[in-house]
Amino acid sequence: MSISLAMKNTVFIHTNAKQIAGAIVSAHSLKRQSADPDAFDVKIIKVEDYDYFAAHEGRKFLRNKGWRVWKNDDLQSFTPTRFMPPELMGYKGRAVVIDPDVFAVGDVNELFNKDMGGAAIGAKPRLGHNGRADYVASSVMLLECEKLQHWKVEEQFAAMFEGTFDYYDWITLATEPKESIYLLESTWNDFDHLTSETRLLHNTKRRTQPWKTGLPIDFQNRVPPMFSFLPNNGYILPRRYKKHPDPNQEALFFSYLKECLEQGLISSEEISQEMASNHVRHDALEVMARVEGVDSILKKVAAA
């Protein structure tokens, strides 16, 4: 892994090829919504850039005390890369890491400036989710990199396949000392919830991600063991992505995407390619043409 000794606050957006359009929009939203966009850098981590993920294709790994098969083309194969920022920062300075379906509504500098009282990690609690009383959402994290020198992703990733490190414990931060975790307010990782208080909007429900409406589902849902006789090793696939229930969240994404196109951050050819690859809904250009501007959408949200 290449190491950067840069000390500037940096937001890392981790992604794979299937979610690259979301990552580009996310990066734009972070800069756009900040009063001081030069105070931080934004970098995109792509799972395809690290050969050791591809080398484990088709191998079984430990997840929640059971075994799963690693698939690099899974929609969320990028998840282990969310633990890379401390190493990429040379274990110096502060980093924020977010999923590619997280979009700024507020100013991320407010998160960088948060006093975590000496904790190493800031993340949102999600207590009781999936039956885990200790669940903490690592999809948005504020990181004190110097305090996370035990985060070595290639080693930890390999340990999952040896059965000595559990993926689910990893992503829920269950392997970290409780005193090292500062619990962030929900607004810094707002799950499909957009209000005037939202700082980072997370379109976390995969079936309703606004840029995928109508496309064939390209991720797997695990069914309970009692149904393991089903095809695909007990996995079932719903047919199509559904429309997001909040029209403001759909409009916000496409308004940001429209700005990306206008500013040359993504080209119309790239959007067309993403549509052809079924990574972006096929009517994306038409939706962009009819949406209001970002500020108008956010004013509507604030007035609601």
Any residue in the stretch 135-159 that's under 15 Å from T172 (Cα atoms) and without any contact (Cβ under 8 Å) to a residue 40 or more places away in the chain: show its pairings with residues that are surrounded by fewer than 19 Cβ atoms within 10 Å (Cβ to Cβ) and among the charged types (D, E, K, R) at Cβ separation under 8 Å, as long as the two are six or more apart or on different chains.
-> Y135/R126
How about the stretch 190-220: which of its residues are touching a Lys or Arg at 6+ places or on another chain (Cβ under 7 Å), of a type outside the set (D, E) and in a loop (DSSP other than H, G, I, E, B)?
-> T213, G214, L215, I217, F219
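Take the conditions touching a strand residue (DSSP E or B) at 6+ places or on another chain (Cβ under 8 Å), more than 21 Å from I24 (Cβ to Cβ), of a type outside the set (G, A, S) and in contact (Cβ under 8 Å) with a residue 24 or more places away in the chain and apply them to M84. Does it pass?
Here the answer is no, as M84 does not meet what is asked.
Could you tell me which residue of the stretch 245-294 is surrounded by the fewest Cβ atoms within 10 Å (Cβ to Cβ), considering only residues that are touching a His at 6+ places or on another chain (Cβ under 8 Å) and not in a helix (DSSP H, G or I)? Steps first, please.
Filtering the stretch 245-294 for residues touching a His at 6+ places or on another chain (Cβ under 8 Å) gives 250, 256, 259-260, 263, 265, 275.
Restricting the remaining residues to those that are not in a helix (DSSP H, G or I) gives 263, 265.
Values: Q263: 10, L265: 16.
Per the criteria, the residue is Q263.
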Is it true that I121 is buried (at least 19 other Cβ atoms within 10 Å of the Cβ), within 15 Å of T175 (Cβ to Cβ) and touching a strand residue (DSSP E or B) at 6+ places or on another chain (Cβ under 6 Å)?
-> yes
Would you say L148 is more than 30 Å from A302 (Cβ to Cβ), at pLDDT 95 or above and more than 19 Å from the chain's Cα centre (by Cα)?
-> yes
What's the number of the condition L142 fails, among (1) at pLDDT below 95; (2) within 18 Å of the chain's Cα centre (by Cα); (3) hydrophobic (A, V, I, L, M, F, W, C)?
-> (1)
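The values are calculated or read from the model by the stated rules, or taken from the named source; none is laboratory data. Keep in mind the model is a prediction, meaning the values are calculated, not measured. Every residue, glycine as well, gets a Cβ built from its backbone with ideal geometry; the counts of neighbours run over all protein chains shown.
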